[in-house]
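Structure first, commentary second.
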Amino acid sequence: MAFDLDDTIAAIATASGGGLRGIVRISGPKSVEIAAGFMGAELSESLPTCRRATMHLPRELGLVPMTLYLWPTTSSYTRQPSAELHLPGSPPILEAGLEAVCQAGARLARPGEFTLRSFLAGRLDLTQAEAVLGVIDADSRQELESALAQLAGGIGRPLRLLREQLLDLLAQLEAGLDFVDEDIEFIAAADLQQQLAAAAQAIESLASQMQSRGEAGQLPRIVLSGLPNVGKSSLLNALAGESAAIVSEIAGTTRDFVTRRVKIGQRECLLIDTAGRSADSTINPIETAAQSLGGQQAENADLVLVCLDASRPLNHWEEEQLRLSRDSRTLTIWTKCDLPATENGQLCGPAVRTSSRTGAGLDELRRAIERLLEPLDPDCGVVAGTADRCRESLRLAAQALQQARANAASEELVAAEIRAALDEIGLVVGAVYTEDILDRVFSRFCIGK
Ligand code: GDP
């Protein structure tokens, strides 16, 4: 990938397909000139940052209304002069608008080129650039939240701070090396040891923070769903092996949702006990909120366990669930099978019969869950892709700092190890970057971002 910043680039920045409004984005030195042309203004005039106008589209598509936004200085996303044409969001209009912009002197942007420029201008670090991609690509609430946290600084900020501290330390050591024949001590041995230990500890704690965050993001999510009092919390406790959720005789005790990390067979999973779904329309607003939260959990689940109480007749809502839940993402569970069964027991199709009280059926349930989770692709998504890369660099940085501590007697060796650690940290925050990393990150973007 060539890092050419002198061209003016343009692309349709909104998602493909129709919409109320579509955006053609322009960035680069000629943006102001192109925008002035569309505004019908002279370059020497002081241009407004927003103007409504009409645009003559090529290919005889005629006149369309447009709003033109202009960032003439460095306040834009790319820190270059930039402009946006907001047009009616029909694909042929947007394509013609882009064509007009290219006729006026821009070239088509490559995938991720706007974000690449933003990165090269120092507005984003590499973890944030990948987070932009994470936000674009997020297809679950959880992925979006983790991408947004990364975008807001995430591990970037503490790492940058640590990098500054190590650079100071290195400067002190190198000053000492320059004056090695004179009797000047720039940093006392004990102080050096203490600073190296603190830095190594900070890196290790960031690495383990990332480790658990990355793993939690990738664990399969299993949601227990069903009406209040069917025995979901008891089942969660029985599977988890300890009392985590509230179990009560009063219907609807589990108001919020309880998430537990549980090992099912060889597999770590997140088990989520949602608020009991009520078929009753007179429930209060808190219950409604908790239920909608439960609904969202079920939507993002890899597997939904639909719990039905075998000791009482099903109601209409449950019969409907039984009818609907016939895909590979749901598993029907009969609970309380230690109690005398009602007619329902014979009604159902494939299901697992369990009793949290006696433990009956739990092993069979675990095996069924394992089978259903098998086809899950362990692919982790983009933000987790950053996590892998960061983890490896943090591991190497921590290793270099431990090596520095072991070699504390030789300031030269310590300085070399600190430089190695700084290189690794730099790779994460993008202070040092190699073309192949940039290629890997930015080539996954879509055009216009
Ligand atoms: P949830 O509202 O769906 O989470 O239901 P709970 O787990 O709180 O259980 C509701 C009631 O059913 C409690 O009184 C439990 O003791 C009882 N219960 C749950 N599982 C079983 C079971 O397997 N057998 C029997 N006999 N009772 C159960």
Examine the range 407-424 for a residue that is under 26 Å from Gly112 (Cα atoms) and modelled with pLDDT of 85 or more, and state whether such a residue exists. yes
Please specify each residue of the range 29-53 satisfying the condition of being surrounded by fewer than 18 Cβ atoms within 10 Å (Cβ to Cβ) and under 12 Å from Ala100 (Cβ atoms). Gly37
Could you please tell me which pairs satisfy a Cβ distance under 6 Å, a separation of 6+ or placement on different chains, a first residue in the range 1-30 that is at pLDDT below 85, and a second residue that is among the hydroxyl-bearing types (Ser, Thr, Tyr)? Gly18/Ser90
Could you list, in sequence order, all residues of the range 300-359 that are more than 15 Å from the ligand (Cβ to nearest atom), at pLDDT 80 or above and open to solvent by 40 Å² or more (accessible area, probe 1.4 Å)? Asp302, Pro313, His316, Glu319
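The values are calculated or read from the model by the stated rules, or taken from the named source; none is laboratory data. Computed from a prediction, not measured in an experiment: that's the story for all the values here. All Cβ positions, glycine included, derive from the backbone under ideal geometry; neighbour counts span all protein chains shown. Side chains included, ligands, DNA and RNA excluded: accessible areas come from the protein's heavy atoms. Shrake-Rupley method; radii C 1.70, N 1.55, O 1.52, S 1.80 Å.
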